[in-house]
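J.: Next up is a structure, given as structure tokens.
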Amino acid sequence: MNNNDLEPSKQRVYPELALNIITRQDHNVSREQISENALKVLYRLHGAGFEAYLVGGGVRDLLLGGKPKDFDVATNATPEQIRQLFRNCRLIGRRFRLAHIMFGRDIIEVATFRGHHQENNKQLASQSEAGMLLRDNVYGTIDEDAERRDFTINAMYYNIADYSIHDYAGGREDMEDKLVRLIGDPETRYREDPVRMLRAIRFAVKLDFDIEEETAAPIEHLAPLLRDIPAARLYEESLKMLQSGYGLETYHLMREYDLFQQLFPTIAQYFSEEYDSQTELMLDLALDSTDQRIEEGKRINPAFMFAAMLWYPMMEQAKELMHSHNFNDYDAVMEASNRILDEVVKRIAIPRRHTATIREIWQLQLRLPRRTGKRAFRLMELNKFRAGFDFLEMRGEVEGGETKQLADWWETFQTAGRNMRQAMVTDLDGTTATGKPSSRRRRSPRKKKSKTSS
Ligand code: ATP
Ligand code: MG
């Protein structure tokens, strides 16, 4: 399918939303669960005579008994008015103009209610030919703001004035039915912002909800619209999809809807019907281990994940180069790395510092088999050794055979004491010299030739 098949919709269709106010005694959201900083912002806005609501994921996750990642605030104060109320305020964003209230590392995002677009207001709002919103700075009322939000469960507003929750689109019912449902006409809403397709998947997995039928129906057909999204935004989204603790399941659901294939065509060309190509096995391992690390509260590195996702596609190219150009393995991997990464960053803008690490991890794979003499000891000193080794272990699981043996060797080597390490390396020297493990513990050190000897 090509993009021209996707007829831009002629008109924006706004649904009639029916407001349902859930009073304080009818919901479980208490102020104790809201961060102190978010409360400060809400109260200050309210105190200055503005409307102030907690909205989005903060309300949604609290209603569902979860722990929100962050707290977003919506208000009828304009960005300028917000700035005048808070010393620690920064205005950001072009597509959406927003205020960030900074409390050290904690940031509370404050957005002014968005309104509907007027025909002739190109300065403030603009839409592409495909119906995509390019700029969106028309301010409006809370009702209008609610209609502009993506899913019903994301359009619930906690009112600091009386602690009630304003449910504009039937979010509470959908929460009870565990449904991710777009507000309004799904196709129109996806065309306005194709990233909503990714968000539907993300929330379905994270909340363990189903995607409501009409919300799900157009996704596969519209998936190619993701090609029009800037690479920087897709990078951010792909991290949210794959590195928020549910990466494995999210990838599989994205794949079902043909979304993963749009983001990573380089990888998808190695997909198989049985889900068992080396590329796919590696994806499963890498995403699963990322999920586990997040669960254990360990640090995660996007470079490691992308390195794993792209390793076998890169190696396929490297093998081709060895054939067609007679490259040695090192040159082939270098050249293939360049080609693959150039291709990927066009769609997903992986920052340079991460692509540098990806290359390092890949190059280490060529060095880890070479362990004789002082090499093994030196490799262990390298900054990226641990990442390189963890990577090798995953490859061992995928490939078995020599790669698995090599990973096991390194595992033993790392945990061994000094003498044992030396013996392991010596054994290798024996193996390479005779093809069999050496029976001697160690050859006597060769005497250096004296310069003056004739
Ligand atoms: P989480 O932060 O847990 O990932 P969230 O729902 O808070 O989930 P954010 O990206 O923080 O997601 O956005 C906050 C709110 O802004 C959303 O709940 C939704 O109401 C609105 N929103 C965000 N992105 C979009 C979008 N692409 N289209 C429409 N509304 C959006
Ligand atoms: Mg949020």
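The values are calculated or read from the model by the stated rules, or taken from the named source; none is laboratory data. The model shown is predicted, which means the values in this text are computed figures rather than measured ones. Here Cβ is always computed from backbone atoms with ideal geometry, including for glycine, and neighbour counts include all displayed protein chains. Protein only, heavy atoms only, side chains kept; ligands, DNA and RNA dropped before computing areas. Shrake-Rupley method; radii C 1.70, N 1.55, O 1.52, S 1.80 Å.
J.: For a protection proxy built on the mean count of beta-carbon atoms within 10 angstrom, sort 293-304, 255-266, 149-160 highest first, please.
T.: On the way: 293-304: 13.8, 255-266: 19.9, 149-160: 24.9.
Packing proxy ranking, top to bottom: 149-160, 255-266, 293-304.
J.: Just subtract the alpha-carbon distance of D342 and Y163 from 0.36 nm times their residue separation and send over the number in nm, one decimal.
T.: 59.4 nm
J.: Right, next: Where Lys and Arg each count +1 and Asp and Glu each count -1, what net charge lies around V398 among other residues with Cβ under 12 Å from its Cβ?
T.: -4
J.: Continuing with the same structure: Would you mind computing, in nm to one decimal, how far apart the modelled labels at E360 and Q292 are, each placed 7 Å from Cα along Cα→Cβ?
T.: Between E360 and Q292, the simple spin-label model gives 2.4 nm.
J.: Right, something else. For the chain, what does the relative contact order come out to in percent, with C-alpha contacts under 8 Å and a separation of six or more?
T.: Values: 651 pairs, mean separation 46.0, N = 454.
So the answer I get is 10 percent.
J.: Charges at C-beta only: +1 for Lys and Arg, -1 for Asp and Glu. How large is the resulting dipole of region 177-265 about its Cα centre, in Debye rounded to 20?
T.: 380
J.: How big is the charge dipole of the chain about its Cα centre, in debye rounded to the nearest 20, if each Lys and Arg gets +1 on its Cβ and each Asp and Glu gets -1 on its Cβ?
T.: That gives the chain a dipole magnitude of about 4420 debye.
J.: Let me ask another. Leaving ligands, DNA and RNA out of it, report the carbon-plus-sulfur percent of the accessible area of the chain at a 1.4 Å probe.
T.: About 46 percent, which is the carbon plus sulfur part of the accessible surface.
J.: Report, in debye and to the nearest 20, how large the dipole of region 208-348 comes out about its Cα centre when Lys and Arg carry +1 and Asp and Glu carry -1 on their Cβ.
T.: 820
J.: Would you compute, from DSSP H runs of 4+ residues alone, the mean residue ellipticity of the chain at 222 nm, taking -39500 (n - 2.57) per run and dividing by the full residue count, rounded to the nearest 500?
T.: -15000 deg cm²/dmol
J.: How much net charge surrounds I165 when only other residues with a Cβ under 12 Å from its Cβ are counted (Lys, Arg +1; Asp, Glu -1)?
T.: On the way: positive: R24, R60, R172; negative: D26, D162, D167.
Computed value for this residue: 0.
J.: Also, quick follow-up: Show which aspartates and glutamates lie in cross-link reach of K374 when reach means a straight Cα distance below 14 angstrom and same-chain residues fewer than eight apart are skipped.
T.: Straight-distance partners of K374: D427, D429.
J.: Between E402 and D143, what is the FRET efficiency for a Förster distance of 51 Å, r being their Cβ-Cβ separation, to the nearest 0.05?
T.: So the FRET efficiency works out to roughly 0.20.
J.: First select every other residue whose beta carbon is under 14 angstrom from the beta carbon of R370; then total the charges, Lys and Arg +1, Asp and Glu -1.
T.: Net charge in that neighbourhood comes out at +2.
J.: Something else about it: If the chain between D276 and E236 were fully stretched, how many nm would it gain, using 0.36 nm times the residue separation less the Cα-Cα distance?
T.: Full extension of this stretch gives 11.6 nm more.
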